[in-house]
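Here is the structure we will look at, set down as structure tokens.
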Amino acid sequence: MVNLSTGICARLQTAEQTDLDLFDGEHILQLLSVKHVGAGNSTTGAVERYRIILSDGEYFLQAMLATQLNGLFQDNSIQKNTIVKVTKMTCNFVQGKRLLIVLALDVVEHVDQKIGNPASYPTPTQEVPATTTNDMDAVPSAPVQQASTSSSHQTTSTAPTAQTAQRRPAANGNRPIYPIEGLSPYQNNWTIKARVTQKSDIKTYSNQKGEGQLFNVTLMDDTGEIRATGFNQVVTALYERLVVGKVYYISGARVNIAKKQFSHLNNEYELGLEKNTSVEECLDTDNLPTIKYNFVALSDLESQPKDSTCDIIGLVQAVGDVTEITTKTNNKKVTKRELTLVDRSEYSVRLTLWGKQAEEFSSPDSVLACKGVKVSDFGGRSLSVFSSSTMVINPDIQEAHTLRGWYDNQGKDVTYSAHQSSGGGAGGGGGGGFVRKEVRSLGDVKSSQLGQGDRNDFFCSQATVVFMKPDSMWYPACQKPDCNKKVVGDDAGWRCEKCDQSWPQPQYRYIMTLACSDYSGQAWLQGFNDVGDMIFGKTADEMFAIKEDSEIKFTELVQAATCEPYNFLCRARTDHYNGQPRVRYGISRIQKLDYKEEAKYLRDMLMSPWGQTAVAVAV
Ligand SMILES: [Zn+2]
């Protein structure tokens with residue numbers, strides 16, 4: 001029979017958290033019990049968890065099985081009396097109580113009975129009546145909860161008291177406040193002191209059990225943010241009570257693994273608000289959590305990648321009407337409203353609100369601080385408040401007061417710059433020009449599905465012409481300026497239907513299909529007369545004549561013109577070919593590379609952090 005690692009349980013019961021030799025060491029232990037605690041729940045996303053009792057033959061102690069090991073129990077790899085080699089553990093202290101979690105183990109062998117006659121470890125810190133397994137079953141995922149009724153352990157404990165309780169002293173009665181950052185499914189009996197920074201509308205859903213309601217809020221303290229969701233009767237109980245901007249003591253909620261598809265918060269857990277969740281408004285006036293912003297000046301939005309999120313503060317200069325649009329993805333009607341924000345960088349930007357927030361917005365001329373708004377490249381740069389964004393109207397923060405003062409004194413007379421669209425925008429003919437810093441790779445253009453919507457999408461690209469379709473590079477066109485219609489030869493010459501006129505000669509005009517490549521991929525770009533003029537440096541009439549004269553000379557010119565890089569302004573749009581939609585890329589502008597501009601662009605890119613540092617030092 002295997003030798004258990006005698007003495008380990010005693011060490012585990014007294015070790016410091018930092019004793020990595022112990023927690024990362026290999027220990028042969030016997031499982032005296034594996035208990036399922038807390039039912040998994042597909043509605044709330046709760047995860048199954050198992051509590052185990054480990055024995056070294058001399059003493060036993062309780063631990064939790066990390067959820068990634070749940071499969072070991074579910075497929076019977078471990079059961080009562082299994083000998084295991086524990087290879088990684090971690091130790092948390094929750095309000096002075098020790099909580100061991102087994103992160104990794106190997107099965108050694110299954111035996112029929114308990115080895116030795118292990119006893120509960122005799123220490124004041126041993127707070128859980130480990131042998132009363134009924135209690136364990138009664139309290140899901142709360143290995144320390146029963147113990148809170150015992151008073152002896154906290155004063156006499158040899159274990160370090162909870163770090164968090166030391167850092168954030170009891171703020172309300174004797175309630176230790178737990179940091180949001182430290183919440184995990186392995187702790188219970190915590191209270192957080194959190195500000196509600198965002199609250200959703202009440203949403204309805206239906207599944208096989210019927211109809212239901214839910215809402216969610218974002219809770220924030222100085223250490224982090226967490227999303228909390230309530231269903232059905234919790235909606236009734238808590239939706240009205242939780243007010244955006246107010247601070248609450250919250251306890252008795254379930255900590256679940258975050259469903260990342262619904263949340264952009266930086267927290268791997270989320271809270272499930274339950275019937276017995278306690279929510280109590282905090283009426284203190286100091287020590288309240290404040291939202292931490294990292295404001296980006298509106299003038300600097302171009303440096304923010306498309307679809308990223310950022311924090312901004314701006315003054316509402318214009319409030320648009322509420323409009324209703326139908327979403328392309330699920331054909332749902334949603335309301336939206338556009339605000340125009342300005343700031344001290346003397347830039348303005350559009351910010352879109354959605355749903356109830358759009359309908360209820362009634363604060364013109366206010367200062368808006370927004371956390372986690374989404375950056376879009378529509379119209380150059382624009383912003384969108386989405387479900388996990390936080391928007392505070394006239395926040396009591398220094399930046400807001402400064403902006404208010406500046407605007408009232410001088411800002412209201414400023415002519416604000418706007419971010420420029422790289423193209424003509426909706427329905428435009430590509431009125432914008434090529435903008436070097438808005439260049440997008442062809443791979444990005446394709447993966448972003450540009451042109452798949454209802455309207456044209458414009459983009460800048462820098463790519464090399466690698467191939468030109470040689471046939472039908474031009475067509476015979478009407479001689480009348482700006483007509484450009486194709487003409488057909490007949491007895492009377494070349495006839496234009498549109499002008500109802502015949503010409504002795506057509507004017508040839510280019511119509512080119514170019515395979516263009518950059519580092520990320522290749523795309524077929526289509527161009528008209530100006531593109532051919534640029535590529536060949538000759539008119540289509542001239543090229544037509546050369547080809548008539550010498551096919552070899554023509555081929556040489558095509559080869560010479562291939563493999564040249566250009567700056568393109570392109571338009572992406574969907575058309576239909578044989579009934580199938582396909583995205584086509586048309587060239588609105590073509591320019592030779594300006595190497596002086598290229599060098600300057602690279603220099604600016606290299607310089608920018610240092611430039612900012614220099615400014616900061618000078619100030
Ligand atoms: Zn014509």
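Within the stretch 169-203, being at pLDDT below 80 and under 30 Å from the mean Cα position of the chain (by Cα) holds for ILE177, GLU181, GLY182, TYR186, GLN187, ASN188.
Just checking, does the stretch 470-487 include any residue being of a type in the set (A, V, I, L, M) and under 27 Å from SER448 (Cβ atoms)?
No, the stretch 470-487 has no match at all.
Checking LYS553, LYS480, LYS485 one by one, the residue that is out of contact with any Lys or Arg (no Cβ under 7 Å at 6 or more places or on another chain), within 16 Å of the ligand (Cβ to nearest atom) and open to solvent by 60 Å² or more (accessible area, probe 1.4 Å) is LYS480 and no other.
The set of residues from the stretch 556-576 being under 36 Å from the mean Cα position of the chain (by Cα) and open to solvent by 20 Å² or more (accessible area, probe 1.4 Å) comprises PRO565, ARG571, ARG573, THR574, ASP575, HIS576. Selection of first residues in the stretch 458-476 that are at positive phi and of second residues that are in a strand (DSSP E or B), restricted to Cβ pairs under 9 Å at least 6 apart or on distinct chains, gives the following pairs, ordered by first then second residue: SER472/THR513. The residues of the stretch 488-513 that are more than 8 Å from the ligand (Cβ to nearest atom), assigned to a strand (DSSP E or B) and without any contact (Cβ under 8 Å) to a residue 40 or more places away in the chain, listed by number, are VAL488, GLY489, ASP490, GLY493, TRP494, ARG495, SER502, TRP503, GLN507, TYR508, ARG509, TYR510.
Among the residues of the stretch 453-471, write down those that are open to solvent by 90 Å² or more (accessible area, probe 1.4 Å) and either at pLDDT below 85 or within 14 Å of the ligand (Cβ to nearest atom) (or both). ASP454, ARG455, ASP471, listed by residue number.
Go through the stretch 96-141 residue by residue and tally those that are small (Gly, Ala, Ser), open to solvent by 20 Å² or more (accessible area, probe 1.4 Å) and at pLDDT below 50.
1
Counting only strands (runs of 3 or more DSSP E) wholly contained in the stretch 204-303, the ones carrying 2 or more residues that are open to solvent by less than 60 Å² (accessible area, probe 1.4 Å), modelled with pLDDT of 90 or more and of a type outside the set (Ser, Thr, Tyr) occupy 210-220, 225-231, 247-251, 254-257, 269-273. Scanning the stretch 514-532 for residues that are open to solvent by 60 Å² or more (accessible area, probe 1.4 Å) and without any contact (Cβ under 8 Å) to a residue 60 or more places away in the chain returns a single hit, PHE528. Residue under question is ARG440, and the condition is that it be at pLDDT 90 or above, within 31 Å of the chain's Cα centre (by Cα), open to solvent by less than 80 Å² (accessible area, probe 1.4 Å) and not hydroxyl-bearing (Ser, Thr, Tyr); does it hold? It is true that ARG440 is at pLDDT 90 or above, within 31 Å of the chain's Cα centre (by Cα), open to solvent by less than 80 Å² (accessible area, probe 1.4 Å) and not hydroxyl-bearing (Ser, Thr, Tyr). Residues of the stretch 440-460 that are touching a Cys at 6+ places or on another chain (Cβ under 7 Å) and part of a loop (DSSP other than H, G, I, E, B): ARG440 alone.
The values are calculated or read from the model by the stated rules, or taken from the named source; none is laboratory data. Everything numeric in this text was worked out from a predicted model, so none of it was measured. We place every Cβ from the backbone using ideal geometry, glycine too, and count neighbours over all the protein chains shown. To get the accessible areas, we keep the full protein, side chains included, count just its heavy atoms, and leave off ligands, DNA and RNA. Shrake-Rupley method; radii C 1.70, N 1.55, O 1.52, S 1.80 Å.
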